Amino acid sequence: MTNFFIYLLAMAGVTYLIRMLPFTFMRKKIKSVFIRSFLYYVPYAVLGAMTFPYIFYSTGNVITASAGAACALVLAYFNRSLITVAVCSSVIAFITGLLI
Amino acid sequence: MKENTYLRGLKNGLAIGLGYLSVSFGFGITAVGKGLSGLEAILISMTNLTSAGQLAGITVIAACGSVLELMLTQLIINLRYCLMGLALTQKLDNSFSTLHRLFISFGITDEIFAVASAEKGSLNRRFMYGLITLPYIGWALGTTLGAFAGQILPESVCSALGIAIYSMFIAIIIPDTKTEKGVLLAVILSSALSCIFYFVPWFSWLPQGFAIIICAVLVSAVLAYFFPKNFEEEEA
């Protein structure tokens, strides 16, 4: 358990510092259109790279995961809420698992 | 301004909170499956509030890896929060003192960032506190339920829930791809690059955290150069 608390402190400490330092100490408005555009595109690029191809291995079965991913893409295209997309794709993946 | 911005933040955070409930449920199941105690899993969720980082973290802990390896993993996987925090500072109104920045920065996650950046005009600190509240509760509660109830659920349900976090990412990025060509290209390019890193054997030495950072920096820089965003209209 003592060992665990060292791990916990290291993990939480690094994660907090990454979030806190720029957010707390950056007080200037960035003028550069390039840097502002860069920061604007970062979340889309990060989430895209985190989702593909990993979503296809998220259920332990490529077929059920593909069905769930297709469901998520269609619902997201029609602007459904985060929770609707998350729950429906899980349900589709589950049902597909029962069928195959 | 009479509207209660805290309540509006709560409302905007509800969907994220519910999403986190199901995702952290999966985290709780995984953590206990890797040999951590339920309490340890809950403590990690309450102090870290990050899905990908926590998942990588417990993998290192379960393998009895070194503290340095753990810290490096967190640094690389969570480095995007640094960029997100930097981006958010550009939208903060003058209600953010240093103390509030210290508290609110803890709550910067992919989804909270996405909702906060989608907010029109500048950000108020009450809105941010409201936005963070339910996701934090959902994340801690979901982990607790997963850690202690995961064993009761059949394996088929648990594995189907594994897709929830990725579907949520899709729900965040897809709607904006319809209206903005730059966003569409950013998503396509970075997804494609990520797949190349994953499938091309030559890149197999590259840890997932590094691959994501490279995708994000490279793609965002290219897009910022060829499709600079017009910020004038938002500020008018």
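The values are calculated or read from the model by the stated rules, or taken from the named source; none is laboratory data. Worth saying up front: this structure is predicted, and the values here are computed from it rather than measured. Every residue, glycine among them, receives a Cβ derived from its backbone with ideal geometry; neighbour counts consider all protein chains shown.
Data overview
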quantity	calculated
Qualifying helices (runs of 4 or more DSSP H) (wholly inside chain A; at least 3 residues being surrounded by fewer than 14 Cβ atoms within 10 Å (Cβ to Cβ) and within 7 Å of another protein chain (Cβ to nearest Cβ))	none
Every residue from region B:53-70 that is surrounded by fewer than 20 Cβ atoms within 10 Å (Cβ to Cβ) and facing chain A (nearest Cβ under 8 Å)	B:V67
Any chance B:S191 is in contact with a Gly (Cβ under 9 Å, 6 or more places away or on another chain) and assigned by TED's automatic domain parsing to the domain that holds B:L218	yes
Qualifying positions in region B:22-52 - more than 10 Å from every other protein chain (Cβ to nearest Cβ), more than 16 Å from A:M11 (Cα to Cα) and among the β-branched types (V, I, T)	B:I29, B:T30, B:V32
Test result for B:I152, more than 26 Å from B:L72 (Cα to Cα), of a type outside the set (D, E), within 7 Å of chain A (Cβ to nearest Cβ) and free of Cβ contacts under 8 Å to residues at least 40 places away in the same chain	no
Criterion violated by B:C82 - all others in (1) touching a residue at least 40 places away in the same chain (Cβ under 8 Å); (2) within 18 Å of B:I212 (Cβ to Cβ); (3) hydrophobic (A, V, I, L, M, F, W, C) satisfied	(1)
Yes/no for B:G26 being crowded, with 19+ Cβ neighbours inside 10 Å and modelled with pLDDT of 85 or more	no
Residue list for region B:65-106, restricted to those being among the hydroxyl-bearing types (S, T, Y) and within 19 Å of B:Y136 (Cβ to Cβ)	B:Y81, B:S105
Selected residue (criterion: surrounded by the most Cβ atoms within 10 Å (Cβ to Cβ)) from residues of region B:155-191 that are touching a helix residue (DSSP H, G or I) at 6+ places or on another chain (Cβ under 8 Å), within 14 Å of B:G26 (Cβ to Cβ) and free of Cβ contacts under 8 Å to residues at least 40 places away in the same chain	B:S167
Test for B:S220: is it at pLDDT 95 or above, within 8 Å of chain A (Cβ to nearest Cβ), touching a helix residue (DSSP H, G or I) at 6+ places or on another chain (Cβ under 7 Å) and in a helix (DSSP H, G or I)	no
Extreme residue, surrounded by the fewest Cβ atoms within 10 Å (Cβ to Cβ), among residues of region B:80-128 that are outside any loop (DSSP other than H, G, I, E, B), more than 10 Å from chain A (Cβ to nearest Cβ) and touching a Lys or Arg at 6+ places or on another chain (Cβ under 8 Å)	B:L123
Members of region B:88-109 that are in contact (Cβ under 8 Å) with a residue 12 or more places away in the chain and in contact with a Pro (Cβ under 8 Å, 6 or more places away or on another chain)	B:G107, B:T109
Subset of region A:17-41 [of a type in the set (S, T, Y) and in contact with a helix residue (DSSP H, G or I) (Cβ under 6 Å, 6 or more places away or on another chain)]	A:T24, A:S37, A:Y41
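Every residue, every condition in (1) under 21 Å from B:T143 (Cα atoms); (2) in contact (Cβ under 8 Å) with a residue 60 or more places away in the chain; (3) small (G, A, S); (4) touching a helix residue (DSSP H, G or I) at 6+ places or on another chain (Cβ under 7 Å), yes or no:
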{"position": "B:L43", "(1), (2), (3), (4)": "yes, no, no, yes"}
{"position": "B:G53", "(1), (2), (3), (4)": "yes, no, yes, yes"}
{"position": "B:V60", "(1), (2), (3), (4)": "yes, no, no, yes"}
{"position": "B:C64", "(1), (2), (3), (4)": "no, no, no, no"}
{"position": "B:L70", "(1), (2), (3), (4)": "yes, no, no, yes"}
{"position": "B:L75", "(1), (2), (3), (4)": "no, no, no, yes"}
{"position": "B:L86", "(1), (2), (3), (4)": "no, no, no, yes"}
{"position": "B:S117", "(1), (2), (3), (4)": "no, no, yes, yes"}
{"position": "B:R126", "(1), (2), (3), (4)": "no, yes, no, yes"}
